Structures are given as C-alpha cells and as structure tokens.
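The numbers here are math on the coordinates, done by the rules we state, and not lab data. In this text, all values refer to a predicted model and were calculated from it rather than measured experimentally. Here the Cβ positions follow ideal geometry from the backbone for every residue, glycine too, while neighbour counts run over all protein chains shown.
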Amino acid sequence: MAGVYARRRLLAVIVLGLVPWTIVTGAMLTFVFPFGLANTTPLHLTPLTDYLRFAGGFAALPGFLRAWPTSVLLYLGALISAVGGVLGREDRRVTGGLLVLAGVSHLGLAVGFLRTGRLAIPLGPILALALAWWCYWPALRRTVP
C-alpha cells in the first residue's frame, strides 16, 4: 500500500516540473518552466542551460533571476528524494522541505519581475507549496515542535 502512495507522490512531483512556474506578461507572454523559458512572440523555447550560458553564468544574473536556477536545483533534489520513495528510501521530510524551499525561492523571481513593472503569476511556487502541504505536511509537522 505504501508503494502506491509513493508512486502517486512521485507522479505529482513530476507533474510539478511540467507546468509553468511563473507566467510573465509584458510585450510578450513568457512561461518560465523548470527546464527553460517559452516565449510566445516568436514561439521559442530556451533551455535553462542555454540561458545561463548566454547570460554568462549564474553569477552574472541579477539577484531575482538567480531564484530560477536555485529553485530548479531544489526541485531536482525533491524529485530525486521522491524517486527514493518508490524505492523505499525516502525521508518525506526531506522531499517536503525541498519542495517548500523550491517554492519560496522561486517566489523571488515573480517578485523581481513585479518590480520591473511586469505582471508575474507565480503558479509553480503555489503548486509546490500546495504539494508539500498535501502530500508531505504530516511528515513535516512531526519535525516541528
């Protein structure tokens, strides 16, 4: 029975990686995914690795844009931990905590875009926090006195 729940949690974490984490409006509509940026004008996908290479690396990014790769690394940690759950090796507190950290860190990206006058909808952070609460909160709650 525990294996079924672990697979469902893993599926939920995988789906989180497929939805846009931030939707930015402005002259064009931009979707920020964990794996890259999708622009609508013209329709184009820029992988995160290409974006970092073109920008000159992580250190060259403005502070609010650093939230994107940081949150992706935290998400990947949660994904690896959720895979461990299917294998019977997951500490759900770690997975839930990494999802919370990924969601909170990615909020910095949305706030940064708001400061530049663009509307940024932080869909991913909301979903990451909801997933952490729904699937992992009982394990996290036991660690908080």
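Arrange the following residues from fewest to most other Cβ atoms within 10 Å of their Cβ: Val100, Val86.
Ascending Cβ contact count within 10 Å gives the list Val86, Val100.
Using only alpha carbons, build the gyration tensor for region 40-82 and give me the equivalent ellipsoid semi-axes, biggest first, whole Å.
Largest first, region 40-82 gives 21, 16, 9 Å.
Normalized C-alpha radius of gyration of the chain, against 2.2 N^0.38 Å?
Relative to the 2.2 N^0.38 Å estimate, the chain comes out at 1.10.
Count charges around Ala12 for me, please; just the other residues with Cβ under 15 Å from its Cβ, Lys/Arg as +1, Asp/Glu as -1.
It works out to a net charge of +3.
State which helices in the chain qualify, where a helix is a whole DSSP H run, it must extend 18 Å or more along its own axis by its Cα atoms, and its mean Kyte-Doolittle hydropathy must be at least 1.0.
Counting only whole DSSP H runs, the qualifying helices are 2-16, 67-86, 92-115.
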